[in-house]
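Enquirer: This structure is in C-alpha cells; I'll ask about it shortly.
The values are calculated or read from the model by the stated rules, or taken from the named source; none is laboratory data. The structure presented is a predicted model; accordingly, all values stated were derived computationally and were not measured. Here the Cβ positions follow ideal geometry from the backbone for every residue, glycine too, while neighbour counts run over all protein chains shown.
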Amino acid sequence: MEGGFPAADPYNARLDRGNCLFDRRHALVFSSLAALPFHGTFTGHQLIEGWQLNGFWSVRTGIPFHAGDGFDQPGEGAVFYNPRPNLKPGRTANNIEVGRLDQWFDPTAFSLPPVGELGNEGRNILFGPHFWNVDFSALKDTAISERLKLQFRAEFFNVLNHANWGQPSAGIFVQTPGGGGTLNPVAGRITTLAGGSTMRQIQFALKFVF
C-alpha cells in the first residue's frame, strides 16, 4: 500500500511496481541575498543605505501518476481505489504524453478491461506538469538610535505571476449500464492549479527592533 491506496492484487505485488508518489525526479533550488553597498553621511543617505535584497527560485519536475478506469471495473470494492485500464498494444508512456492543458496525455491510448479484470497499465507511468516559482523580497533597516531600529519589508510571492498547473484528470471512462464505459470527455485535461500554487501576492510590513 502506498499513499493510502491498496494493492491492485495483494497476491501479485509486481503489478504495483513503479514510480513512487513522492518521486520528484529533478529539483533545483537557488537562493540569493545581497546587501546593497550604499553608505555615507550625505544628505538623504538614510534613504538609500541599509537595503537588502533576497531572491528564491525553485523548480522541479512533475508528480508521477497513472490513468485510471474511472470506476471500480474489477469489482474490488475499495472506495478510494481507482483501478488501471489496459494500455493498447504499441502504445507506451512516452508516446501518449501530449503535454497541452487540454490534452496532457492521450486517453484514446487506453481501453477498458472486461468486468472483473485488472488492466495492464503500469503504476505511475506518466508525469504531471513541472513546477517553478520565483519569490523576491526587499528590506531596509533604518537606525533610529544605537539600540533602536526600524525595518521595512516588501515581499513578493510568485513575483513573475507564473501559473503552476495541477494534475490532469486521470479517470479515462464513465461507467455505463451493463458493465461498460464510455470515454470521459475531460480525461487528460488540466483545469486546476497545483496545490499551494497562487497568483502573485505582495505584502508590506514594518518592524520595530529594540
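Enquirer: Within the group Gly70, Gly50, Gly55, Gly75, which residue is touching an Asp or Glu at 6+ places or on another chain (Cβ under 8 Å), in contact (Cβ under 8 Å) with a residue 12 or more places away in the chain and either hydroxyl-bearing (Ser, Thr, Tyr) or on the phi > 0 side of the Ramachandran plot (or both)? Before the answer, list the steps.
Expert: Details: Gly70 fails: touching an Asp or Glu at 6+ places or on another chain (Cβ under 8 Å); Gly55 fails: either hydroxyl-bearing (Ser, Thr, Tyr) or on the phi > 0 side of the Ramachandran plot (or both); Gly75 fails: touching an Asp or Glu at 6+ places or on another chain (Cβ under 8 Å).
Criteria check complete, one pass: Gly50.
Enquirer: Additional query: Return yes or no: is Pro129 surrounded by 14 or more Cβ atoms within 10 Å (Cβ to Cβ) and either at pLDDT 95 or above or touching a Cys at 6+ places or on another chain (Cβ under 9 Å) (or both)? Before you say what the answer is, go through the steps one by one.
Expert: Details: surrounded by 14 or more Cβ atoms within 10 Å (Cβ to Cβ): yes; either at pLDDT 95 or above or touching a Cys at 6+ places or on another chain (Cβ under 9 Å) (or both): no.
No; evaluated as a whole, the condition is false for this residue.
Enquirer: Quick check on Arg60: is it closer than 30 Å to Leu139 by Cβ, surrounded by 14 or more Cβ atoms within 10 Å (Cβ to Cβ), charged (D, E, K, R) and modelled with pLDDT of 90 or more? Give the derivation first.
Expert: Working: closer than 30 Å to Leu139 by Cβ: yes; surrounded by 14 or more Cβ atoms within 10 Å (Cβ to Cβ): yes; charged (D, E, K, R): yes; modelled with pLDDT of 90 or more: yes.
Yes, satisfied.
Enquirer: Regarding Ser169, is this residue of a type in the set (S, T, N, Q) and closer than 27 Å to Thr108 by Cα? Don't jump to the end; show me each part of the working.
Expert: Values: of a type in the set (S, T, N, Q): yes; closer than 27 Å to Thr108 by Cα: yes.
Taking the combined requirement at face value, the residue satisfies it.
Enquirer: Output yes when any residue across region 142-154 is loosely packed, with under 13 Cβ neighbours inside 10 Å, of a type in the set (S, T, N, Q) and at positive phi, and no when none is.
Expert: Here is the first cut: in region 142-154, the ones loosely packed, with under 13 Cβ neighbours inside 10 Å are 144-148.
Filter once more, keeping what is of a type in the set (S, T, N, Q): 145.
The next check asks that each one be at positive phi; those that pass are none.
No, the conditions are met nowhere in region 142-154.
Conditions tested, residue by residue: (1) at pLDDT below 85; (2) more than 16 Å from the chain's Cα centre (by Cα); (3) not in a loop (DSSP other than H, G, I, E, B).
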site	(1), (2), (3)
Arg25	no, no, no
Ser31	no, yes, yes
Gly55	no, yes, yes
Gln73	no, yes, no
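Enquirer: If you scan region 167-183, which residues turn out to be under 18 Å from Val98 (Cβ atoms), surrounded by 17 or more Cβ atoms within 10 Å (Cβ to Cβ) and not hydroxyl-bearing (Ser, Thr, Tyr)?
Expert: Within region 167-183, Gln167, Pro168, Ala170, Gly171, Ile172 qualify.
Enquirer: Still on this structure, I have one more. Might you let me know whether region 193-204 holds any residue that is modelled with pLDDT of 90 or more and over 32 Å from the mean Cα position of the chain (by Cα)?
Expert: Within region 193-204, none of the residues are modelled with pLDDT of 90 or more and over 32 Å from the mean Cα position of the chain (by Cα).
Enquirer: Could you check region 110-147 and list, in sequence order, the residues that are without any contact (Cβ under 8 Å) to a residue 40 or more places away in the chain, among the small types (Gly, Ala, Ser) and within 18 Å of Asn82 (Cα to Cα)?
Expert: Scanning region 110-147 gives a single hit, Ser111.
Enquirer: Can you tell me which residues in region 98-146 are in a strand (DSSP E or B) and closer than 23 Å to Arg17 by Cβ?
Expert: Taking region 98-146 first, the residues in a strand (DSSP E or B) are 98-100, 103-105, 110-111, 123, 126-127, 131-143.
Scanning region 98-146 gives Phe105, Phe110, Ser111, Arg123, Leu126, Phe127.
Enquirer: Search region 15-32 for residues that are touching a residue at least 12 places away in the same chain (Cβ under 8 Å) and surrounded by 11 or more Cβ atoms within 10 Å (Cβ to Cβ) and pair each with any residue that is part of a loop (DSSP other than H, G, I, E, B) and among the aliphatic types (A, V, I, L, M) when their beta-carbon atoms are under 6 Å apart and the residues are at least 6 apart or on different chains.
Expert: Leu15/Ala8; Asp16/Ala7; Asp16/Ala8
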